[in-house]
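The values are calculated or read from the model by the stated rules, or taken from the named source; none is laboratory data. Everything quoted here is computed from the prediction, not taken from an experiment. For neighbour counting, all protein chains shown are included, and Cβ atoms are generated from backbone atoms with ideal geometry for every residue, glycine included. Calculation scope for accessible area: heavy atoms of the full protein, side chains included, ligands and nucleic acids excluded. Shrake-Rupley method; radii C 1.70, N 1.55, O 1.52, S 1.80 Å.
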Amino acid sequence: MGVLGLGRMGTALAGALLGAGHDVSVWNRSPHKAGPLLDRGARLAATPAEAASAGVVLSCLSTYDTQWPALEAAALSGRTLVNLTSGTPEQARDVSKWAASEGVGYVDGVIMAVPQGIGTPAAQILYSGSEPTFAAQREVLEVLGAPVFLGEDAGLAALYDLALLGMMWSTMAGYLHALALVGTEGVTPEQFEPLASAWHSAVGGFLPGIGSQVASGDYATEVSSLDINAAGLGLLVETSRAQGIGTAVPAVLRELFDRAVAAGHGSHAIASVIEEIR
Ligand code: NDP
């Protein structure tokens with residue numbers, strides 16, 4: 001296997017492959033970062049093409065812009081590329097088209113884990129692109145984490161990645177707002193975290209119901225109307241202001257919920273907000 005990119009993630013990927021007994025050839029712009037991997041038996045490639053001579057290449061650079069020169073220098077024709085650099089669906093599709101024109105077997109992947117999780121089943125890695133290429137590499141990809149194949153459109157993995165990360169960032173921003181709010185009365189993160197974690201799990205339980213309402217387009221509710229939730233958001237914005245903290249996080253949600261109410265969804269469930277988002 002060849003690995004292009006030895007940042008935090010590339011180093012973890014190469015380390016997992018070495019740990020599973022694979023022969024690994026590594027290339028990085030700054031070669032000194034390869035030191036610990038060389039101690040574990042990796043070979044240092046002087047160029048991307050030297051790393052690619054292994055036949056199967058994992059690429060994990062910071063962005064597509066930084067990755068293109070390495071891919072073009074890697075002489076990948078007739079070889080396999082697993083692209084684990086984060087990007088947009090369009091960027092993944094562009095590499096897929098380029099790979100097809102160069103005769104490269106191509107799979108795009110996104111890593112739903114931190115480097116410390118690589119090599120464990122908890123590290124979910126989502127793939128899309130050529131199914132035969134994925135099937136041929138499945139065994140080695142299982143070394144990195146739990147692989148999930150999404151489909152032949154190479155852009156799908158990046159689409160799922162951004163959708164899931166969007167959920168993570170919204171949750172984290174909501175938590176930070178909550179910590180700032182209770183912090184105005186001296187409540188510490190240690191005191192608040194157990195309640196927040198329990199609440200976070202309870203909220204996770206709402207996801208299947210929201211999903212079925214979105215799928216059916218039936219937003220009738222016996223639980224809690226959008227009107228009530230929009231009013232609650234108003235209280236949160238007002239209280240945040242009164243306690244002297246910023247309102248950026250709840251204000252954006254309030255604006256969205258208010259628009260959905262104005263569009264006639266006040267008596268519907270929260271799931272109806274998707275109509276405004278769309
Ligand atoms: P790092 O910042 O640790 O490493 C970046 C890598 O890109 C290094 O190999 C660096 O080389 C290389 N690089 C940056 N600029 C250039 C350039 N101009 N030319 C050549 N090489 C360049 O990032 P990570 O390893 O954390 O992330 C890598 C990818 O993995 C990203 O797309 C990220 O989104 C994705 N990812 C990361 C996760 C994480 O938790 N870290 C989680 C999921 C995905 P050099 O060493 O020479 O600077």
- Query: Got a number for residues in region 99-114 being more than 13 Å from the chain's Cα centre (by Cα) and surrounded by fewer than 22 Cβ atoms within 10 Å (Cβ to Cβ)?
  - Reply: 5
- Message: Among the residues of region 8-28, what is the count of those that are within 12 Å of the ligand (Cβ to nearest atom) and surrounded by fewer than 15 Cβ atoms within 10 Å (Cβ to Cβ)?
- Response: 1
- List every residue pair whose Cβ atoms sit under 8 Å apart, with the two residues 6 or more apart in sequence or on different chains, where the first one lies in region 234-246 and is β-branched (Val, Ile, Thr) and the second, anywhere, is in a helix (DSSP H, G or I) and surrounded by 13 or more Cβ atoms within 10 Å (Cβ to Cβ). 237/250; 237/251; 237/254; 239/181; 245/177; 245/180; 245/181
- Query: Just to be sure, is residue 78 of a type in the set (Gly, Ala, Ser) and open to solvent by less than 50 Å² (accessible area, probe 1.4 Å)?
  - Reply: no
- Message: Considering only residues that are of a type in the set (Val, Ile, Thr) and assigned to a helix (DSSP H, G or I), which ones fall in region 131-179?
- Response: 133, 140, 171
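Which one is farthest from the chain's Cα centre (by Cα), of the residues in region 184-208 that are open to solvent by less than 70 Å² (accessible area, probe 1.4 Å) and either in contact (Cβ under 8 Å) with a residue 24 or more places away in the chain or farther than 23 Å from residue 169 by Cβ (or both)?
186
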